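Reading through the structure tokens given below for one structure.
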Amino acid sequence: VRGCVPLPLPVTTRGAGTGNYGQAIPLNGGVVLDLSSLVGFQEVKPGVLMAWAGQKMGEIETAMRPRGYELRFFPSTVAGATIGGFVAGGSTGVGGVNYGTLTEPGNVIALRVVTAEEEPRVLELRSPSELLAATHAYGTNGIITAVEIPLAPATPWSDFACTFSTLEDGVRCGFALAEAPGVAVRNVSLLDGRILELKGFKALLRDIPSLSSASAALMLSVASNSETAMRGLVMQFQGSVDPVEHRRPLHEYCWNHTTLRALQGDHLMTYQQVGYHFEPDMMQNVMHIHNMFADGELLTHLEWVRLGGKMGCFGLPLQVYRSESRMNEVIQQIEASGKAFVLNPHTYVLEDGGMKQTNQAQLDFKKKHDPFGLLNPGKMRAYEDGQPTVSGEAGHLAERLRKGWVTAGEEPEKLSTAMTAILSTGDGAGGITYDTSEAMANLPESSAAAENSSSPLDSETTSAGAMRWGSRARSWAELSHEEFADLPPGSVAVLPIGAIEQHGPHLPTGVDSFICAGILERSLALLPEEVASKVVVMPLQAVGTSNEHLAFRGTLTLEPQAFIDLLVEMGKSVKRAGLSKMLVLNAHGGQVDASNIAARRLRVEADFLCCVLHTFRTWSLDGLWDDEELRYGIHGGGVETSMIMHLHRDLVRSEKFQASEPHAAARLKAARAAGDPAPLLHPHSPGVMHGWMAHDLGPSGAIGNPIDADAERGRQVVEDAASKAAKLLSEFVVVEAEELLSLGGPSGPARSK
């Protein structure tokens, strides 16, 4: 930040993603500050945790449960979301039925933020007024580096799906469960039965067949000791209860994951955010809006949240995008009804979204700590216009649900006495000031290391183009010719091979090479030192054989025979250098046969031991994607997109995600419909192969569904593949070539041809 201010360069901070409103997308160039590597716990006390901003919330939940605590609430993206990103760009989520929103006093204890002043400072914000300035502010009021939050007592939760014959019964039951003082719930969500018919919910319906005939369904997370009471309440509203035994937690079908699942089947699916007025009766207001669009243009989706001490619910109804004008017409119709208003999810401007308005105190905070307007410029309307968007103490969402915002220039409406007392606490002076150098010196080791590290394809290179792999393994290109004679016995040469080929409109051509390098880098980190010291990494062979993708621009390829010859010559060169073993790490499915043939030729022609590891045949994907995606998503689908999100998220063009059924899937369904459950003439038929090119399987070049991709599952796949590669390397280093190869020739009769 100190380097950006004099230039001046805008700074846009991000956590694990760009935000569903585009909160972390830079509008004016500059620097994108990725804090996802700023991880670890600073302090853990009874009921309180301070974590670095990049710490993933799912890992916090996992780490705290053995201590008897859990998160108060979290977004449906908890597996990959960072705590800093949630506080800066989120609002509420699972657990909101108990604890409300982030801006409710007490849900955030303290924030440590870096200012964008000429001499940046590290502030610790603790008063409610200061916290309100930086919470859900998209990083416009300071760079959040650490978050202190209260924890809740750990509770054993179970998921249940409750079905109803009418949506109104489901809504009434939802309010009853959320408001019941003796029923402990962590999440109460309602989905219109027509949402459950969408493709993205197919796996859920397979595990819970009763959902297929429901007019509405409640998705619940209930404490084990409240199950009996919950069942009794559901029965009062003529509902039925099914315990959920599903590979995903039920919250991954709720909140914004509902829209994500819908997008899997229709890329034009979007949503609105509806705030229902408390008066005269919120439940009646919900039903009024539902009935306005009974034809299905809006499909009701509700999430219960405690707001300002009173139980309410948000609407996240699904809508098929037809035009911008129609989207605006729907918003106008909802607000003209007088029953609700829309918190516009189709804008990246903070105040236009409606979750937060900027009063004079917050605007003054911005001007003081970002005097040059460098923090995420273009996102705060109040700063751009030079005046607050609301008068009074604060623009609090609960107040809008009661009586509407008080806009600047109007007579301020009074907040409740208790809320006024809480929000007026603190003088807004900016909290405790820390010397910046001292704060940076206290960064956790993992974060400091991450600051100086990068993805292997972006890492420092030698003049020969070889990657530097650190001290844990030797780089072939950095050794002198004399140093090869001094390699320890058992040393293994590792040749990473990828590809440069199209992967659809949403991914770069270097996907396979990026994945290969990422898996290798991680596997080297997992090796014991005594094994890593015997590994010599050869330069990445980024161009392979990819002639199945020649119909698309950007593909670089060698003819299969030329690629085989290249690998053979590499192996012979390794043998001439004095090594007896080479491991080929392959991340491209189109060169399995070629690399296997090369390994056989090296044995035949050079008495040399070459082992090939096809990374995509070792990793475990069980439970991470549905069966259809695992079967057909072979190229640029959910798996590879997730891995690139983890390794190089800046290279993923998520706006170009397309959900399409591969030709192979359509052919198989047609055959089954005609009475043949297992046709043999099919690209995925076991034991049967016909020549094909990528455009034979899908028109976009991608084969699979990237819409459901996320970086956390990508990390899991990379980690699993890396652990398999590390295990193989550990075995390969200690084995002697003679143990696997009969290098002296056969004993007995001559070998037959």
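The values are calculated or read from the model by the stated rules, or taken from the named source; none is laboratory data. Keep in mind that this is a model prediction, so the values were computed, not measured. Cβ: placed from backbone, ideal geometry, glycine included. Neighbour counts: every protein chain shown. Ligands, DNA and RNA are excluded from the accessible area calculation, which covers all protein heavy atoms including side chains. Shrake-Rupley method; radii C 1.70, N 1.55, O 1.52, S 1.80 Å.
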So K581, is it closer than 25 Å to A726 by Cα, surrounded by fewer than 22 Cβ atoms within 10 Å (Cβ to Cβ) and more than 30 Å from the chain's Cα centre (by Cα) | no
In the list L167, L151, L132, which residue meets the criterion of being at pLDDT below 95 and open to solvent by 10 Å² or more (accessible area, probe 1.4 Å)?
-> L132
Residues G409, G404, G392: which one is open to solvent by 60 Å² or more (accessible area, probe 1.4 Å), out of contact with any strand residue (DSSP E or B) (no Cβ under 7 Å at 6 or more places or on another chain) and at pLDDT below 80?
-> G409
Among (1) surrounded by fewer than 24 Cβ atoms within 10 Å (Cβ to Cβ); (2) at pLDDT below 95; (3) over 20 Å from S127 (Cα atoms), T77 falls short only on (1)
Restricting attention to segment 587-609, which residues are open to solvent by less than 10 Å² (accessible area, probe 1.4 Å), in a loop (DSSP other than H, G, I, E, B) and closer than 16 Å to L740 by Cα?
-> F608
Could you count how many residues in segment 1-43 are more than 14 Å from G80 (Cβ to Cβ) and polar (S, T, N, Q)?
-> 5
Do you know which of the residues in segment 629-674 that are among the β-branched types (V, I, T) and under 18 Å from A721 (Cβ atoms) is modelled with the lowest pLDDT?
-> I634
Quick count over segment 179-198, residues being open to solvent by 10 Å² or more (accessible area, probe 1.4 Å), farther than 14 Å from T300 by Cα and of a type in the set (A, V, I, L, M), is 3
Does A606 count as under 20 Å from K202 (Cα atoms) and either more than 35 Å from the chain's Cα centre (by Cα) or at pLDDT below 90 (or both)?
-> no
Does any residue of segment 225-246 turn out to be open to solvent by less than 20 Å² (accessible area, probe 1.4 Å), closer than 22 Å to T77 by Cα, in contact (Cβ under 8 Å) with a residue 12 or more places away in the chain and out of contact with any Asp or Glu (no Cβ under 6 Å at 6 or more places or on another chain)?
-> no
Restricting attention to helices (runs of 4 or more DSSP H) lying wholly within segment 319-394, give those where 3 or more residues are hydrophobic (A, V, I, L, M, F, W, C) and out of contact with any helix residue (DSSP H, G or I) (no Cβ under 9 Å at 6 or more places or on another chain).
-> 324-336
Reported set for segment 191-210 where residues are of a type in the set (A, V, I, L, M) and out of contact with any Phe, Trp or Tyr (no Cβ under 8 Å at 6 or more places or on another chain) is L196, L198, A203, L205, I208
If you scan segment 283-297, which residues turn out to be open to solvent by 10 Å² or more (accessible area, probe 1.4 Å) and either part of a strand (DSSP E or B) or over 13 Å from E335 (Cα atoms) (or both)?
-> M283, Q284, M287, H290, N291, A294, D295, G296, E297
Tell me, yes or no, whether segment 565-588 has at least one residue that is more than 25 Å from S475 (Cβ to Cβ) and out of contact with any His (no Cβ under 6 Å at 6 or more places or on another chain).
-> no
Within segment 31-72, restricting attention to residues that are among the acidic types (D, E), out of contact with any Lys or Arg (no Cβ under 8 Å at 6 or more places or on another chain) and open to solvent by 30 Å² or more (accessible area, probe 1.4 Å), which residue is modelled with the lowest pLDDT?
-> E43
Of everything in segment 701-724 that's in a loop (DSSP other than H, G, I, E, B) and open to solvent by less than 30 Å² (accessible area, probe 1.4 Å), which residue is farthest from G15 (Cα to Cα)?
-> G701
Tell me, please, whether a residue that is within 24 Å of H251 (Cα to Cα) and either at pLDDT 95 or above or surrounded by fewer than 16 Cβ atoms within 10 Å (Cβ to Cβ) (or both) can be found in segment 324-340.
-> no
Scanning segment 677-686 residue by residue, those open to solvent by less than 90 Å² (accessible area, probe 1.4 Å) and either at pLDDT 75 or above or closer than 17 Å to I634 by Cα (or both) turn out to be H682, P683, H684, S685
Starting from segment 195-209, keep only residues that are more than 15 Å from T270 (Cα to Cα), then list their pairs with residues that are in a helix (DSSP H, G or I) and charged (D, E, K, R) whose Cβ atoms are within a distance under 6 Å, requiring at least 6 positions of separation or different chains.
-> F201/R261
If we scan segment 80-93, do we find a residue that is small (G, A, S), in contact with a His (Cβ under 8 Å, 6 or more places away or on another chain), open to solvent by 10 Å² or more (accessible area, probe 1.4 Å) and over 14 Å from I144 (Cα atoms)?
-> yes
(1) surrounded by 23 or more Cβ atoms within 10 Å (Cβ to Cβ); (2) within 21 Å of N705 (Cβ to Cβ): which one isn't true of E303, the others all being true?
-> (2)
